[in-house]
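Take a look at the structure set out below.
The values are calculated or read from the model by the stated rules, or taken from the named source; none is laboratory data. From a predicted model like this one, the values you see are computed outputs, not experimental measurements. In this analysis, Cβ positions are derived from the backbone assuming ideal geometry, glycine residues included, and neighbour counts consider all displayed protein chains.
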Amino acid sequence: MNKIIPTCLFLVLACPACRAQSDINSKDIRGEIVYQDDNVVFRKIDDHTWIGNGHLCYNESLYIIEGEKKSLLLDAGQRIPGLKRIVEGITSKPVTLMATHVHGDHTGSAINEFDEIYINAADMAQNLRFNGNIRYLSDGQVIDLGGREIEVIFTPGHTPGSTTYFDRKNRYGFSGDAFGSTNLLVFTNLSTQYYTSMRIEKYMKDNDIIFMFPGHYSGDNLETPKRVTDLKNMCREVLDGKRQYQKASGNSGGMDAQVEDFGVKLNFSSRTGIK
């Protein structure tokens, strides 16, 4: 029988200023399990933030972000029956569903348990199958959850409408697949990914962001400022002809080219991606 597990011992994010980035990179920032069934497991990140991991597509990740008055659900996994009920059992605040991007492992069947979803309109061509109201995000908008603000920043590259959500006060973000979870698939082109990485590199520095939770979080693959800089440099070097790519196979969307370095794979189309 599925049930909410009482939370008594949990991992709380320590003061970021007191933790070395190398220490952060080595830790699984997921605490005690608060819910699990055959389709998903939810763990506590901090007092008002939870991560869910589905089991169908490389730990596809979804996040509950709670304020004093409202909560956000970022993404919905690939197939998680009863997701709305599960989320409402974890947070008592009214829940709004928003997406990091429109791919089936992030906006799967459970989105239809909600009345509305917020997406970046640039992803409308991705064939979102939703029966409710589709609403659109704006770059730079701030979502006030009551005592907690989340900033929306468009981060195209993986898809045209990829979007990252930042909690500047707590110094972290939620990036979906915008930086790949160590295996970035660029469905647009490397120039788009380059400028996104350059923008987020500056944003993270200006706002002292220490990491982003990715769309496929497995416990040791947070998206750090270094990851963003490495991806920026890799894109630039391929575009400038200073770095050669290898032939790749097994990726969808015609991605037949790959560069691997710095612990990350950068995948793109040799026909349409190098521009």
- What are the residues in the stretch 149-184 that are touching a residue at least 60 places away in the same chain (Cβ under 8 Å), of a type in the set (G, A, S) and part of a strand (DSSP E or B), if any? S175, G176
- Message: Here is a list: I24, I51. Which entry is modelled with pLDDT of 95 or more, of a type in the set (V, I, T) and either surrounded by 17 or more Cβ atoms within 10 Å (Cβ to Cβ) or more than 16 Å from the chain's Cα centre (by Cα) (or both)?
- Response: I51
- Message: Please go through the stretch 194-247 and give me each residue that is basic (K, R), in contact with a strand residue (DSSP E or B) (Cβ under 9 Å, 6 or more places away or on another chain) and in a helix (DSSP H, G or I), ordered by number.
- Response: R199, R227
- Message: So if I check each of A99, A121, which one is out of contact with any helix residue (DSSP H, G or I) (no Cβ under 6 Å at 6 or more places or on another chain), modelled with pLDDT of 95 or more and surrounded by 20 or more Cβ atoms within 10 Å (Cβ to Cβ)?
- Response: A99
- Just one of the numbered conditions (1) touching a helix residue (DSSP H, G or I) at 6+ places or on another chain (Cβ under 8 Å); (2) free of Cβ contacts under 8 Å to residues at least 60 places away in the same chain; (3) of a type outside the set (K, R); (4) not in a loop (DSSP other than H, G, I, E, B) is not true of S191; which one? (2)
- Kindly list the number of the only condition in (1) closer than 20 Å to N112 by Cβ; (2) buried (at least 21 other Cβ atoms within 10 Å of the Cβ) that fails for R79. (2)
- Query: Any residue at all in the stretch 81-96 that is touching a residue at least 24 places away in the same chain (Cβ under 8 Å), of a type outside the set (A, V, I, L, M, F, W, C), outside any loop (DSSP other than H, G, I, E, B) and closer than 21 Å to T163 by Cβ?
  - Reply: yes
- From R168, R148, R199, R227, grab the single residue that is crowded, with 21+ Cβ neighbours inside 10 Å and closer than 19 Å to T100 by Cβ. R227
- Item | Pair list, Cβ < 6 Å and 6+ apart or interchain, from the stretch 58-70 residues that are charged (D, E, K, R) to residues that are part of a strand (DSSP E or B) | E60/G54
- Task: Within the stretch 38-62, work out how many residues are in contact with a strand residue (DSSP E or B) (Cβ under 8 Å, 6 or more places away or on another chain), farther than 18 Å from D105 by Cα and part of a loop (DSSP other than H, G, I, E, B).
- Result: 1
- Task: Kindly indicate the residue of the stretch 63-76 that is touching a Ser or Thr at 6+ places or on another chain (Cβ under 9 Å) and part of a loop (DSSP other than H, G, I, E, B) and also surrounded by the most Cβ atoms within 10 Å (Cβ to Cβ) among those meeting that condition.
- Result: A76
- Given the conditions (1) more than 15 Å from the chain's Cα centre (by Cα); (2) at pLDDT 95 or above; (3) of a type in the set (D, E, K, R), which single one is not true for R227? (1)
